[in-house]
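One structure is given here, and the rest of the page talks about it.
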C-alpha cells in the first residue's frame, strides 16, 4: 500500500502484484489518492534495473558529447540542466521500462485510471542535471505556458536513470500545488519574455510561479526532494510545481520523461518523433490501453532537434 505522509506517497507492489503485472485495488486507490491530492506518486521498483543502467550508460556518453559541443539547450535558462532526447539505440527500449516482463501494466495502469480510457503517449524527453553545479537551481515553475484546465489532463512519468538524492540534484516538487493552481499565479509574458523550447504569448503565463504565491504555498506545505532509486517511476500531474536542483556530485543525474495526455484534451498535433526502423517496436509493443502518437521519420533525422519542438497547448486555441 502507499504510505500516507507529508512526503511523497510510495506505491509498493506486492510479490503477487508483480507476478500478475497489475496492482490490486488497494494500491490503485493509494496511487489515485496520491495523484489527486498531491499531484505526485512514486511507483517503487517497477523497472528492470538492467534496462535503467544500460540507458544511463548510453546517455551519459551522449551527454559528454553534448556538453563538449554545447549543442543542446539548457532548461529554464539555467546553465546546469541540459535537455537530452533519448536517441536511436535508446528509443526502442524506453517503452520497455513501462512494460518489463512481469510488470506490463504496473506503470501505465495508474495513468489510465487517472486520465481516463486509453491515454495518449505523445511526448518523450530526457533531463540531465550536470555535475558540480552547486548553488544553481531552476525557479519554481510549471511546464505550462497557457491557461490550463483545472482537472487532470496530462501526466509525466519521470524515470530516474540513477539513484536520486539531494546531493546529486533530486528534483524539488511542491506536493498538492496542482489542486487549485491557475495561470493567474504565474509570471505573465511580456514582449521581451523568452523561454527555451516554448513559444510565449504576451499576456499569457510563462512557466514561473509568482514569488508571493510561492511563499504563501511554502507556509502551507514546503517543497520536498524525493529520494528515489533506479527502478522507480515518479508520476507527476503536469500542473504540479517543481524545480531542478543543484547536482553537487561528479556524475550526471539523468531522468527520462514520458508524457501521457487524456483523450478528451484537444491537443491533436503533439507527436513524438521516432526513427522509422523502430516503428514496429513502438506501435506493436506500446500496448493497450495506451495510444501512441508519433511521426516515424528516416533514421538519419535530427531527432534531438525535432523533439525539441513541442507544445502542450490546446490546438484549438
Next on the checklist: Test of understanding: ordering 273, 118, 44 by Cβ neighbours within 10 Å, fewest first, what list do you get?
Outcome noted: 118, 44, 273
Item to check | Exposure proxy ranking, count of Cβ atoms within 10 Å, fewest first, for 192, 237 | outcome: 192, 237
Item to check | Residues of the range 197-214 with amide N under 15 Å of a point placed 7 Å along Cα→Cβ from residue 179 | outcome: none
Item to check | Packing-based exposure ordering (other Cβ within 10 Å, fewest first) of 249, 272, 277, 25 | outcome: 25, 277, 249, 272
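Quick check: residue separation of residue 6 and residue 211 times 0.36 nm, minus the Cα distance between them. What number comes out in nm? Could you put the intermediate results ahead of the total?
On the way: separation 205, 0.36 × 205 = 73.80 nm, distance 2.27 nm.
Computed gain between residue 6 and residue 211 is 71.5 nm.
I'd like the FRET efficiency for residue 190 and residue 309, computed as 1/(1 + (r/R0)^6) with the beta carbon distance as r and R0 of 35 Å, rounded to 0.05.
Numbers: r = 23 Å, r/R0 = 0.66.
Computed FRET efficiency for residue 190 and residue 309: 0.95.
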Checklist entry - Using Cα pairs under 8 angstrom and six or more residues apart, how large is the relative contact order of the range 227-317, in percent? => result 32 percent
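Quick one: length gained pulling residue 291 to residue 18 fully straight, 0.36 nm per residue minus the C-alpha distance?
Values: separation 273, 0.36 × 273 = 98.28 nm, distance 2.34 nm.
95.9 nm is the gain from fully extending residue 291 to residue 18.
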Next on the checklist: Using a 7 Å offset from Cα along Cα-Cβ at residue 36, what residues in the range 206-249 end up with backbone N under 16 Å from the label point?
Outcome noted: 237
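All of the numbers you see were taken from the coordinates with simple rules; none came from a lab. Keep in mind that what you see is a predicted model, and the values were worked out from it rather than measured. Positions of Cβ are backbone-derived with ideal geometry, glycine not excepted, and every protein chain shown enters the neighbour counts.
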